[in-house]
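Here's the structure we're looking at; comments come further down.
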Amino acid sequence: MALAILALPGWCASYHFGAVWDGHRTVRDACIAVEGDHIQSVGPCSGPATDLTRYTAIPGMIDVHTHMTYVLGNNVTRAGRGAAVVFLAQENPRKTLETGVTTVRDLGAQGYADIAMRDLIAAGKMVGPRMFVAGYGLQNTRGTDVTPNTAHGPAEVDKVARAQIAAGADWVKMYASTGSGQDVSGTATYSFDEIKAAVDAAHSLGKRIAIHSYGPEAARDVVRAGADSLEHATDMDNDTIAELARGKIFYVPTIDHNRYYADNYQLLRYPPEALEKLNDFIRRNLETARKAFAAGVTFAMGSDAVYTMFGENTRELGWLVKAGMTPEQALTVATVNGAALLGMEKSLGALDQGYLADIVAVEGDPLADIQVAIQKVRWVMKAGQVVVNHTAGK
Ligand SMILES: [Zn+2]
């Protein structure tokens, strides 16, 4: 990886691609002129340009569900963990950039490590995608384990949701059902009133909310409560799916994260029995995604990457194609739709004049074969700076 030529204001450069897929259409043999951190123009070439003609340019992709601060074998004492993981997890954002993901929405961290990481990346002190973060995800933990993310009842939910935003979170994250790692149960953990309290708290402060539900029961309440995105949910009934489509609530199925858990069950010390449950969940997750896509639900691409999954962030695209999308529709989900979910549709997710210069060069035609976008990322620019470059000597 070659690190960044500093993009100064007024600094201008042109990049010549074999083709540019701008988020909506393909232009062959085109140049993208970049001025400072944004795109000045996309169109016919004139004057000198960096030769990237063997590549197709696509917009920087957006992974709307990561846990960038999750690392394995973290032996730091609990109180110090939030600070330590920013150091321990620094390969995660770096590997994410390698996949052509230049923006993430990070959905849950301890000790506000996500806020620190977001700000360090924004200040140029760490290498990684720009981050939108959620602080602590709200959880209705049973028993006596009271942590900063514990919230029972609508009043407490309201208070804890507001506390995340006060701490500097961009989003609110709520866990409305069980299900995580080898546990694929999807038992609802919050009532409709509690979910509604979280949605209202976020919206009243001008923020958005992502809600986790593995199962259909909480998913129904999440949709009814008007959340901005629903994460993971399987086995949703037709009414809930229709309501998702009508309410334009983004569905982020995160099918690939259970593939990661199944592939790595030994590393993660899951018993062999976990495999069957994970694979069954994957099957139901894909089937639900297929139904939702056919019903006109709006999707965004989320990997739910944790631990050593960074670098595999865009494998979800393959599942989206399996769920019935064309490669172009899957890429739209990972770019245009991700930007819309983040409220950044005027500056991210497309290659057009005035947009941030987040550009990914892939070798081949990603609209013909989605694996090109997954496996053949050769060069990445983020806000006008080259952050990945594997073009030399190839
Ligand atoms: Zn997650």
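For region 249-256, putting each phi into the Karplus relation 6.51 cos²θ - 1.76 cosθ + 1.60 with θ = phi - 60° gives couplings of 8, 6, 9, 10, x, 6, 5, 5 Hz, in residue order, rounded to whole numbers and with x for Gly and Pro. A 23 angstrom limit on the alpha carbon distance is what I want to check against. Which of LYS125/LYS382; LYS173/LYS248; LYS159/LYS196; LYS322/LYS382; LYS95/LYS207; LYS173/LYS196 exceed it? In this structure, LYS322/LYS382; LYS95/LYS207 lie more than 23 Å apart at Cα. Extension gain for THR141 to ARG28 (0.36 nm times residue separation, less C-alpha to C-alpha distance): 35.3 nm. State the answer as a single residue: which of ALA155, THR189, SER177 lies farthest towards the positive end of the charge dipole of region 129-256, with beta carbon charges of +1 for Lys and Arg and -1 for Asp and Glu, about the Cα centre. Highest projection toward the positive end goes to ALA155. DSSP assigns beta bridges within the chain; of those with both partners inside it, close to 50 percent run antiparallel.
Which log10 I(q)/I(0) values does region 18-110 give at q = 0.13 Å⁻¹ under the Debye formula, counting every alpha carbon as one identical point scatterer? Taken in order of the listed q values, log10 I(q)/I(0) reads -0.62.
Can you give the convex hull volume of the alpha carbon atoms of the chain per residue, in Å³? Walk me through the intermediate numbers first.
Numbers: hull volume 52.9 nm³, N = 394.
Given the Cα convex hull of the chain, per-residue volume reads 134 Å³.
With both labels modelled 7 Å from their Cα along Cα-to-Cβ, the ASP280 to ARG246 distance reads 3.3 nm. Amide H contacts of VAL388: VAL380, each under 5 Å away and 5 or more positions distant or on a separate chain (H built 1.01 Å from N in the peptide plane; Pro and chain starts excluded). In loop segments of region 189-258 as defined by DSSP, the trypsin sites (Lys or Arg not before Pro) with at most 12 further C-beta atoms inside 10 Å of their C-beta are LYS248. Each peptide among 38-48, 253-263, 14-24 gets the average number of other Cβ atoms lying within 10 Å of its residues, and from highest to lowest they stand as 253-263, 14-24, 38-48.
In this structure the amide hydrogen of SER177, modeled in the peptide plane, comes within under 5 Å of the amide hydrogens of THR189, TYR214, none closer than 5 places in sequence on its chain. Modelled spin labels at SER191 and ALA368, positioned 7 Å past Cα toward Cβ, are 5.8 nm from each other. About its Cα centre, the chain has a charge dipole of approximately 440 debye under the convention of +1 per Lys or Arg Cβ and -1 per Asp or Glu Cβ, with nothing else charged. Which one of VAL252, HIS232, GLY206 has its Cα pushed farthest toward the positive end of the charge dipole of region 202-253, where Lys and Arg give +1 and Asp and Glu give -1 at the Cβ? Going by the Cα projections, it comes out as GLY206.
Close amide H pairs (under 5 Å, H built 1.01 Å from N) link ILE209 with VAL172, ASP228, SER229, residues at least 5 positions away or on another chain. All Cα-Cα separations within region 197-302 were binned at 10 Å from zero, giving a P(r) of 16, 43, 27, 14, 1, each value a whole percent of the pairs.
Could you work out [θ]222 nm for the chain from helices alone, using -39500 (n - 2.57) per DSSP H run of at least four and dividing by all its residues? Round to the nearest 500 deg cm²/dmol.
Details: 13 runs with 129 residues, N = 394.
For the chain, the value works out to -9500 deg cm²/dmol.
Phi angles across region 183-190 convert, under the Karplus curve 6.51 cos²θ - 1.76 cosθ + 1.60 with θ = phi - 60°, into 3J(HN,Hα) values of 7, 9, 5, x, 6, 4, 10, 10 Hz, Gly and Pro given as x. I'd like the orientation of helix 192-204 relative to the chain: the angle between its Cα long axis and the longest Cα principal axis, in ° from 0 to 90, rounded to 10. Orientation of helix 192-204: about 40 degrees from the principal axis.
Here each label is just a point 7 Å from Cα along the line to Cβ, and for PHE87 and GLU345 those points are 4.3 nm apart.
Dipole magnitude of region 237-394 about its Cα centre, charges +1 at Lys/Arg Cβ and -1 at Asp/Glu Cβ only, in debye to the nearest 20?
Values: 16 positive and 19 negative charges, 36 e Å.
Magnitude of the dipole: close to 180 debye.
No value in this document is a laboratory result; all are computed from the given coordinates. Quick caveat: nothing in here was measured; it's all calculated off a predicted structure. Every residue, glycine among them, receives a Cβ derived from its backbone with ideal geometry; neighbour counts consider all protein chains shown.
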